[in-house]
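A short write-up of the structure that comes next.
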Amino acid sequence: MPESITVFVHANDPAAHAEAVRSLAFQPGVAVVEDPAAAGLAVIVADKVDEPTAEVIAAIGRRMRRTAGTGAAGLDQRHLEVLRLLAAGSDTADIARALCYSERTIKYLVRGITTRLGARNRAHAVACAMRIGLI
């Protein structure tokens, strides 16, 4: 059985919070948690960003920055640097020169990046990384 996705829900309005929790509770493989630190995903329902909402957003941002270098999407710092250079338009040879690796190593890293992000090619990997905030 696949592992559950842990979700933290924050909402300004108690009714909106209850509806979001109720909707998620019936989804297979989803576990709603009360502690944002224990969640793999956060859902924020807000018509305005008040102080509690801003605190939740800031905590999520801190957590993302903390994990980005150690395994966000399974990518380490070396993979993220290659991804940033890909996003800047560098080709394999340019990346190899910039990072002092062989072209073969860069191809291996790019393959790992596309696999871990579920991307079809380099451009798709960059788009996926941008979508999830890695670059």
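Remark: Cys128, Cys100 ranked as Cys100, Cys128, counting other beta-carbon atoms within 10 Å and listing the fewest first. In the neighborhood of Asp13, defined by Cβ-to-Cβ distances under 13 Å, what is the net charge if each Lys or Arg adds +1 and each Asp or Glu adds -1? Once positives and negatives cancel, what remains is -2.
Among (i) 17.9, 66; (ii) 18.4, 57; (iii) 26.4, 96, only one was calculated for this model; which label is it, if the read-out is Rg and Dmax of the Cα atoms in Å? Recomputing Rg and Dmax of the Cα atoms in Å here picks out (ii). Relative contact order, whole percent, for the range 5-68 stands at 41, derived from Cα pairs under 8 Å and 6 or more residues apart. For the chain, excluding the exposed loop sites themselves (GluC sites (Glu not before Pro), DSSP loop, at most 13 other Cβ atoms within 10 Å), the longest remaining stretch covers 35-135. Helical runs assigned H by DSSP (4 residues or longer) give the chain a calculated mean residue ellipticity at 222 nm of -17000 deg cm²/dmol, each run adding -39500 (n - 2.57) before division by the residue total. Relative to the current alpha-carbon distance between Ile132 and Arg120, full extension at 0.36 nm per residue lengthens the span by 2.7 nm.
The relative contact order of the chain comes to 18 percent, based on Cα pairs under 8 Å that sit 6 or more residues apart.
A short reminder: the numbers here are calculations on the coordinates, not readings from a lab. On a predicted model such as this, the values are computed, not experimentally measured, just so you know. For neighbour counting, all protein chains shown are included, and Cβ atoms are generated from backbone atoms with ideal geometry for every residue, glycine included.
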